[in-house]
Amino acid sequence: MTDVMSAQNAYPGGGGESGRTRRLRDLGLNDPSPDEAFDRFAHLAASITRAPIAMVNFINDERQMFRGLYIPPNPAQAQPVEDDTWADRGIAFDLPAREMPLSHGFCPHVVAQRSPLALDDILAYPRFAGNPVVDELGVRAYLGAPLVDDTNTIIGTVCVLDREPRQWGRERLKDIQHLAEALLSEIRLRDNLLAQQQEMFAAFDGSPFPIMLTDGSDNAIRYANAEHAGIFGAPGPYSDLAQAYPQLAAAGLPLAVGEAYRTGRSTVLKDVRVQSYLPGARRAEQVYTFTCTPLRNARTGMVNGVLTVGMDVTAQSRTEEELGTLAALLVDRLQQSGRNPAEVLPPYPQGRPGLSG
């Protein structure tokens, strides 16, 4: 879809990603997991506009992610009250997951055009009438406004839907724009938490142990301290762990990190032999033990990332208990640095010696 592609190309970023996607990664918003704060905004949007469906939708290069969602109860479960509107009584709206491809819906158009969009009756607009959500979900009316953050990046939308034609009018359009502006306070809060975490990671940079933070089930590297980069090489921003470090991948580190993420329990990988990345290094081969410790969302307890700490055991006798204690201490410091640290992961460090990007 031309509009979607133009939105992607408007914010070029490293590694083939748009700046919008990188911004969402930095904010910890690049996945479709539910968020209570955004769910509340969605409910508020539905209440103000009297629409049955509302979303806070973040859009990356590949998909739409409904971090905030309001859908009233199914009519079969709702108890109708006299004088209730159709929206109050609930609707049957089959949305199996909090995500959609970019080809579905109208939020990608809002992002591409950087402006609100009001469709009173979608079937009256040939450009939009053939959209899959019309036939698949029965959407007939749409109202959405862009979320423009303090970096002037459009990261998504606030929108409401109806399965019947609606006359939204100027007031409803203003309402949805005001909600989009109000929602930016939540984004600013996340930015502040990120700044606090960056300060904390400055201390990690001075650590004599290699430290790395990966995000999600795909082991995307979010952070690597100077010691890690100096020993194993500098990863690119958000690069895949296995691709960035073939030696560590051959030794099974991605599997250990993946197991920690999947099970929620720390894993230890012993006796990893690594040829030094730096020319003229003190030793041609070093032996490391790695402890991979999951990071959890403070509210939900879900694992959102893994902190990996390495220890050089080539010429020292280090116990697994020592390394586990060190890893636990670092995780504790990280999880005390913000309101929801496992969800709002720190941005990839910029301009730091020894790291690319």
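The values are calculated or read from the model by the stated rules, or taken from the named source; none is laboratory data. Here the structure is a predicted model, which means the values were calculated and not measured. Cβ: placed from backbone, ideal geometry, glycine included. Neighbour counts: every protein chain shown. Note: accessible area is taken over every heavy atom of the protein model, side chains too, but ligands, DNA and RNA are not part of it. Shrake-Rupley method; radii C 1.70, N 1.55, O 1.52, S 1.80 Å.
Restricting Pro235, Pro246, Pro208, Pro254 to residues that are at pLDDT 85 or above and either among the β-branched types (Val, Ile, Thr) or open to solvent by less than 20 Å² (accessible area, probe 1.4 Å) (or both) narrows the list to Pro235. Count of the stretch 54-72 residues, restricted to those that are within 16 Å of His109 (Cβ to Cβ) and of a type in the set (A, V, I, L, M, F, W, C), is 3.
Looking at Pro165, Pro146, just one residue is modelled with pLDDT of 95 or more and either charged (D, E, K, R) or over 24 Å from Arg114 (Cβ atoms) (or both), and that residue is Pro165. On inspection, Tyr125 fails the criterion of being at negative phi and surrounded by 20 or more Cβ atoms within 10 Å (Cβ to Cβ). Among the residues of this structure, Thr157 counts as one that is within 21 Å of Gly19 (Cα to Cα), in contact with a Gly (Cβ under 6 Å, 6 or more places away or on another chain) and among the polar types (S, T, N, Q). Screening the candidates Val331, Val272, Val306 for the property of being farther than 23 Å from Arg23 by Cα and at pLDDT 90 or above yields one hit, Val272. Restricting attention to the stretch 180-205, the residues that are in contact with a Phe, Trp or Tyr (Cβ under 9 Å, 6 or more places away or on another chain) and exposed (fewer than 15 other Cβ atoms within 10 Å of the Cβ) add up to 1. Step by step: first the residues of the stretch 211-232, then only those that are within 15 Å of Val309 (Cα to Cα) and assigned to a loop (DSSP other than H, G, I, E, B), then the one that is most open to solvent (accessible area, probe 1.4 Å). Which residue is that? Filtering the stretch 211-232 for residues that are within 15 Å of Val309 (Cα to Cα) and assigned to a loop (DSSP other than H, G, I, E, B), the one most open to solvent (accessible area, probe 1.4 Å) comes out as Asn219.
Charged (D, E, K, R) and either in a helix (DSSP H, G or I) or without any contact (Cβ under 8 Å) to a residue 40 or more places away in the chain (or both): is that true of Glu136 in this structure?
Working: charged (D, E, K, R): yes; either in a helix (DSSP H, G or I) or without any contact (Cβ under 8 Å) to a residue 40 or more places away in the chain (or both): yes.
Criteria met by Glu136.
Going by what's in this entry, would Ile154 be described as under 24 Å from Arg50 (Cβ atoms) and surrounded by 13 or more Cβ atoms within 10 Å (Cβ to Cβ)? Taking the combined requirement at face value, the residue does not satisfy it.
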